[in-house]
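Data block below; observations after.
The values are calculated or read from the model by the stated rules, or taken from the named source; none is laboratory data. Quick caveat, the model's predicted, so the values are computed rather than measured. Using ideal geometry, Cβ is built from the backbone for each residue, glycine included, and neighbour counts are taken over all protein chains shown.
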Amino acid sequence: MAILQINNLHARIEEQNILKGVDLTVAAGEVHAIMGPNGSGKSTLASVLAGREEFEVTDGNVLYEGQDLLEMEPDERALEGVFLAFQYPVELPGVSMNNFLRQALNQQREYRGEEPLSAGAFLKRMKQCAAFVDLDPQLMSRAVNDGFSGGEKKRNEIFQLAMLEPRLAILDETDSGLDIDALRTVADGVNALRRNDRSFVVITHYQRLLDYIIPDAVHVMVDGRIVRSGGKELALDLEEKGYDWIREETVAV
Amino acid sequence: MPTTETEFLHEVAAGEYKYGWETNVEADTIPKGLDEDVVRLISAKKDEPEWLLAWRLRAWRHWEKLAANPEEKYPRWPHLKYTEPDFRNITYYSSPSKKPRYESLDEVDEDLLETFKRLGIPLAEQEKLAGVAVDAVLDSVSVHTTFKEELAEQGIIFCSFGEAVQEHPELVQKYMGSVVPYTDNFYAALNAAVFSDGSFCYIPKGVRCPMELSTYFRINQAGTGQFERTLIVAEEGSYVSYLEGCTAPMRDENQLHAAVVEIVAEAHAEVKYSTIQNWYPGDNEGRGGVFNFVTKRGICKGDHAKISWTQLETGSAITWKYPSVILKGDRSVGEFYSVAFTKGRQQADTGTKMVHLGKNTKSTIISKGISGGRSNNSYRGLVKINKGAENARNFSQCDSMLLGDRCGAHTFPYIEIKNPSAQVEHEATTSKIGEDQMFYCFQRGIGEEAAIKLIVNGFCKEILAKLPMEFAVEAQKLLDIELEGSVG
């Protein structure tokens with residue numbers, strides 16, 4: 001069964017239509033990359049899937065594991081296993097990473113009818129997951145994203161992904177602003193987290209991330225629609241010919 | 001680490017009933033109204049010496065003058081809207097207190113009990129706090145005595161104000177009104193005339209008080225009516241940490257509270273004063289609730305003295321309160337750390353005054369205001385650097401957070417500098433609880449209420465961390481409870 005099935009999704013913010021009929025199906029265990037020029041609606045798609053309220057869905061539907069995703073509250077989506085790695089992670093002054101993640105994890109466990117994790121087990125898991133993305137465990141006693149460097153913020157997102165073990169992870173331009181070493185670290189982390197019951201939607205502007213995270217499918221989004229889908233070689237074509245090539249073809253059709 | 005006295009208290013509370021006594025709760029109340037006879041009557045009921053009655057009467061005459069000309073004398077500058085209390089229509093003496101009394105906990109309001117439960121207050125204490133008239137299981141008299149003996153060994157005096165007047169008149173006479181004279185303001189005058197009781201604390205030279213002095217184990221004496229008076233004297237090189245208040249919401253229907261707190265810190269002495277104020281705030285429509293008009297001030301009399309005020313204010317319909325420090329000694333230090341949370345129709349106008357007189361004096365002000373519902377929350381602070389205060393330094397930071405869009409946050413900083421060597425910094429921010437922050441929490445599976453608690457607690461963290469450990473935990477719990485249903 002498809003873990004995610006998006007049908008003819010239309011969404012707007014204020015009076016501006018951004019998504020104009022997105023269709024996408026992601027099967028369990030697959031990694032799908034969504035590429036496209038700036039302003040094509042990639043990040044909007046991520047926000048709509050995660051449930052940001054500013055966006056209004058005007059048509060279409062989204063099924064997540066067969067359920068109507070758009071009917072769920074944002075926190076319910078998270079509890080059901082949808083994770084968004086933010087393009088711009090948010091700072092929470094005074095709220096320690098420790099406390100934040102413990103709450104997140106325990107709410108999730110409670111939702112599933114499980115006991116809260118003991119302090120010892122939590123710490124152990126935190127250390128393991130921090131190691132995945134080479135994150136200094138010292139950061140855990142600091143406030144969430146407060147004073148983190150750009151690279152630390154992005155690695156922190158993948159670290160949280162590791163902690164929360166979602167079934168659908170959406171990475172919104174996780175590669176932007178990373179140097180090549182940090183990019184590798186993040187990609188290695190993601191690769192280590194790939195499992196046959198976990199799917200990824202990787203949103204990126206550049207092909208280079210896909211050198212490290214090898215996708216099962218690549219989709220190109222232009223002007224609020226997916227205009228072309230293919231295998232990983234599509235990303236290379238894009239790298240070579242640029243987005244104009246697709247744009248021209250789309251217009252021609 | 002739990003402090004020894006709270007540990008002991010919990011043990012006592014959890015233990016078997018030992019030496020209960022039958023409390024006759026027939027309240028000894030005098031008729032409503034205010035005139036010279038009332039002042040005399042209060043003094044007589046407390047069997048006070050002549051000098052104290054004379055002082056009360058001087059205060060009374062001063063207040064009468066102010067009250068005769070309310071347009072000029074009544075404090076109208078705060079950012080508060082309310083109907084002035086009718087001072088002639090209040091009962092000024094009631095002993096032990098006019099709190100509601102019940103035969104058993106079954107009769108007590110369920111909301112209140114639920115709150116007690118969640119604050120983790122032992123059953124016996126719940127009964128006391130709710131005013132249940134059964135034999136008290138928590139034997140506060142013997143608790144009180146136990147600590148009193150331990151304190152007395154070191155020469156520390158900690159007792160009710162009334163007791164101090166009888167037992168240590170020379171100390172009371174020397175210090176009472178020396179920091180907050182009755183001429184200070186309208187409410188200070190009223191308090192001086194009709195104060196019912198309060199606390200007295202004296203730490204001798206060089207003594208470090210071995211425990212946090214708390215009104216907690218004074219519950220029995222806490223029924224002192226609306227007009228408390230507290231006096232703390234720390235002699236040279238001494239130290240004391242004093243905790244005021246109780247985290248349980250006292251459903252006190254008294255409309256008007258006008259307390260006075262005075263602190264004297266001699267050279268190298270340090271006084272930490274922590275408050276959790278949670279008086280009845282009124283209902284969501286703004287009916288009922290306590291008017292809290294408090295004058296709190298400390299003086300760093302000697303060199304290197306230090307006074308810190310730390311407060312969490314969540315209660316009262318109206319809060320009017322500016323705990324202040326007069327920095328007289330050279331190199332003396334004043335601190336003010338405050339969290340004020342308002343919701344419903346609450347209004348708070350609170351802040352501090354730091355008056356620098358001595359050389360190289362230093363003050364720090366950190367104020368966090370959180371407003372929800374339709375409440376209004378103002379910070380008002382004065383930093384005054386006098387001519388002789390060479391190299392005085394002040395740092396002020398006032399942050400406001402708005403929950404929702406029908407509440408208000410205001411900042412009124414006043415700065416008066418008469419010495420060019422002063423260094424004064426002021427920072428202020430106002431933020432709405434961020435939609436981005438909320439969404440970030442949601443996306444990690446944290447629901448709305450939990451997210452608000454997390455973010456607000458983060459906002460207040462640096463202040464709550466200044467409270468003594470046990471108190472800080474209770475403060476956080478209280479804040480969590482207050483935050484429930486505060487948005488929207």
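Across the stretch A:169-181, what is the number of residues that are crowded, with 20+ Cβ neighbours inside 10 Å and of a type outside the set (D, E, K, R)?
5
Would you mind finding the one in A:VAL201, A:VAL186 that is modelled with pLDDT of 95 or more and surrounded by 18 or more Cβ atoms within 10 Å (Cβ to Cβ)?
Exactly one residue qualifies, and that residue is A:VAL201.
With the checklist (1) more than 18 Å from the chain's Cα centre (by Cα); (2) more than 10 Å from chain B (Cβ to nearest Cβ); (3) modelled with pLDDT under 95 in hand, flag the one item A:ASN38 doesn't pass.
(1) is the only condition that A:ASN38 fails.
Can you confirm whether the stretch A:6-13 contains a residue that is in contact (Cβ under 8 Å) with a residue 12 or more places away in the chain, more than 12 Å from every other protein chain (Cβ to nearest Cβ), within 30 Å of B:PHE459 (Cβ to Cβ) and more than 16 Å from the chain's Cα centre (by Cα)?
Scanning the stretch A:6-13, I find at least one residue that is in contact (Cβ under 8 Å) with a residue 12 or more places away in the chain, more than 12 Å from every other protein chain (Cβ to nearest Cβ), within 30 Å of B:PHE459 (Cβ to Cβ) and more than 16 Å from the chain's Cα centre (by Cα), so the answer is yes.
Among B:ILE446, B:ILE452, which is the only one that is closer than 30 Å to A:LEU168 by Cα and touching a residue at least 40 places away in the same chain (Cβ under 8 Å)? Working first, answer last.
Numbers: B:ILE446 fails: touching a residue at least 40 places away in the same chain (Cβ under 8 Å).
Selected residue: B:ILE452, the only one of B:ILE446, B:ILE452 that is closer than 30 Å to A:LEU168 by Cα and touching a residue at least 40 places away in the same chain (Cβ under 8 Å).
Condition check ((1) assigned to a loop (DSSP other than H, G, I, E, B); (2) farther than 22 Å from B:ILE417 by Cβ; (3) in contact (Cβ under 8 Å) with a residue 24 or more places away in the chain) across all residues:
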residue: B:VAL294; (1), (2), (3): no, yes, yes
residue: B:GLY302; (1), (2), (3): yes, yes, yes
residue: B:THR319; (1), (2), (3): no, yes, yes
residue: B:PHE336; (1), (2), (3): no, no, yes
residue: B:VAL339; (1), (2), (3): no, yes, yes
residue: B:ARG345; (1), (2), (3): yes, yes, yes
residue: B:GLY358; (1), (2), (3): yes, no, yes
residue: B:ILE366; (1), (2), (3): no, no, yes
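Test each condition in (1) within 11 Å of chain A (Cβ to nearest Cβ); (2) touching a residue at least 40 places away in the same chain (Cβ under 8 Å); (3) surrounded by fewer than 20 Cβ atoms within 10 Å (Cβ to Cβ) for B:VAL424 and report the one that comes out false.
(1)
Considering every residue within the stretch A:40-54, establish whether at least one is touching a helix residue (DSSP H, G or I) at 6+ places or on another chain (Cβ under 6 Å) and more than 29 Å from A:ALA104 (Cα to Cα).
Within the stretch A:40-54, not a single residue is touching a helix residue (DSSP H, G or I) at 6+ places or on another chain (Cβ under 6 Å) and more than 29 Å from A:ALA104 (Cα to Cα).
Any residue that is within 14 Å of chain A (Cβ to nearest Cβ), under 28 Å from B:SER241 (Cβ atoms) and among the aliphatic types (A, V, I, L, M) - is there at least one of those in the stretch B:365-376?
Pass one, the stretch B:365-376, residues within 14 Å of chain A (Cβ to nearest Cβ): B:366, B:368, B:370.
Now drop any that are not under 28 Å from B:SER241 (Cβ atoms), which leaves B:366, B:368, B:370.
Still in the list and also among the aliphatic types (A, V, I, L, M): B:366, B:370.
Scanning the stretch B:365-376, I find at least one residue that is within 14 Å of chain A (Cβ to nearest Cβ), under 28 Å from B:SER241 (Cβ atoms) and among the aliphatic types (A, V, I, L, M), so the answer is yes.
Out of all the residues in the stretch B:180-213, which are of a type in the set (Phe, Trp, Tyr) and buried (at least 23 other Cβ atoms within 10 Å of the Cβ)?
B:TYR187, B:PHE195, B:PHE200, B:TYR202
Can you spot a residue in the stretch B:22-40 that is more than 16 Å from B:SER196 (Cβ to Cβ), at pLDDT below 90 and touching a Lys or Arg at 6+ places or on another chain (Cβ under 8 Å)?
The answer is yes, given that some residue of the stretch B:22-40 is more than 16 Å from B:SER196 (Cβ to Cβ), at pLDDT below 90 and touching a Lys or Arg at 6+ places or on another chain (Cβ under 8 Å).
Can you tell me which residue is nearest to the other protein chains (Cβ to nearest Cβ) among those in the stretch A:132-144 that are of a type in the set (A, V, I, L, M, F, W, C) and under 20 Å from the mean Cα position of the chain (by Cα)?
Among those that are of a type in the set (A, V, I, L, M, F, W, C) and under 20 Å from the mean Cα position of the chain (by Cα), it is A:VAL144.
For residues in the stretch B:460-474 being within 14 Å of another protein chain (Cβ to nearest Cβ) and touching a residue at least 12 places away in the same chain (Cβ under 8 Å), which is surrounded by the fewest Cβ atoms within 10 Å (Cβ to Cβ)?
This residue is B:GLU462.
What do you reckon, is A:LYS127 assigned to a helix (DSSP H, G or I), surrounded by fewer than 16 Cβ atoms within 10 Å (Cβ to Cβ) and of a type in the set (D, E, K, R)? Steps first, answer last, please.
Working: assigned to a helix (DSSP H, G or I): yes; surrounded by fewer than 16 Cβ atoms within 10 Å (Cβ to Cβ): yes; of a type in the set (D, E, K, R): yes.
The answer is yes for A:LYS127.
Quick one: which residue in B:SER332, B:SER308, B:SER338, B:SER396 is crowded, with 24+ Cβ neighbours inside 10 Å and out of contact with any His (no Cβ under 7 Å at 6 or more places or on another chain)?
On inspection, the qualifying residue turns out to be B:SER338.
Determine which single condition B:ASN457 fails, assuming it passes every other condition in (1) without any contact (Cβ under 8 Å) to a residue 24 or more places away in the chain; (2) touching a Leu at 6+ places or on another chain (Cβ under 6 Å).
(2)
Give the residue that is nearest to the chain's Cα centre (by Cα), with candidates limited to residues of the stretch B:440-459 that are surrounded by fewer than 22 Cβ atoms within 10 Å (Cβ to Cβ), facing chain A (nearest Cβ under 8 Å) and assigned to a helix (DSSP H, G or I).
The qualifying residue nearest to the chain's Cα centre (by Cα) is B:ASN457.
Does B:PHE412 count as touching a strand residue (DSSP E or B) at 6+ places or on another chain (Cβ under 8 Å) and surrounded by fewer than 19 Cβ atoms within 10 Å (Cβ to Cβ)?
Here the answer is yes, as B:PHE412 does meet what is asked.
How many of the residues in the stretch A:87-115 are within 7 Å of chain B (Cβ to nearest Cβ) and within 18 Å of the chain's Cα centre (by Cα)?
2
Give the residue, chosen from A:GLU80, A:GLU30, A:GLU71, A:GLU53, that is of a type outside the set (Gly, Ala, Ser), away from chain B (no Cβ under 14 Å) and over 19 Å from A:THR174 (Cβ atoms).
A:GLU71
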